[in-house]
Amino acid sequence: MRKQYTRILRVFFCRKVRSSRAELEISQEEMAGRLLMAARTYIDLEQAKNCCSALTLVLYLIYVCNDPLAFLNELRQTLEAETIQAA
């Protein structure tokens, strides 16, 4: 179950950071700076090659996300829907 949640979070977060960066009209390097990570690490995150760390998630919610509560609610709904489909 944990692996499934990690996969869901990786894909969900990838989609969110990409759309947030597009809305902000900033480069990958600028987004990496906001999340306190190397540009290459951010690029891998945006391509869903890696899952975000707890620190990256918190930094995203504080410095990038316009509505952290909506983000968390959407993530919960996605996790619930995906795990029900897998059952």
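The values are calculated or read from the model by the stated rules, or taken from the named source; none is laboratory data. Note that this is a predicted model, so its numbers are computed, not measured. Backbone-built Cβ (ideal geometry, glycine too); neighbour counts: all protein chains shown. Calculation scope for accessible area: heavy atoms of the full protein, side chains included, ligands and nucleic acids excluded. Shrake-Rupley method; radii C 1.70, N 1.55, O 1.52, S 1.80 Å.
Can you tell me which residue in region 8-22 is surrounded by the fewest Cβ atoms within 10 Å (Cβ to Cβ), limited to those that are of a type in the set (A, V, I, L, M) and in contact (Cβ under 8 Å) with a residue 24 or more places away in the chain? The residue in question is VAL11.
Annotation note: of THR41, THR78, the sole residue that is under 18 Å from ILE8 (Cα atoms) and over 12 Å from the mean Cα position of the chain (by Cα) is THR78. Within region 23-38, the set of residues being over 16 Å from PHE71 (Cβ atoms) and open to solvent by 30 Å² or more (accessible area, probe 1.4 Å) comprises GLU25, SER27, GLN28, GLU29, GLU30, GLY33, LEU36, MET37, ALA38.
From the list TYR63, TYR5, pick out the single residue that is open to solvent by 30 Å² or more (accessible area, probe 1.4 Å), touching a residue at least 60 places away in the same chain (Cβ under 8 Å) and of a type outside the set (Val, Ile, Thr). The match here is TYR5.
Condition check for THR78 on (1) open to solvent by 90 Å² or more (accessible area, probe 1.4 Å); (2) β-branched (Val, Ile, Thr); (3) in contact with a Phe, Trp or Tyr (Cβ under 6 Å, 6 or more places away or on another chain): one failure, at (1).
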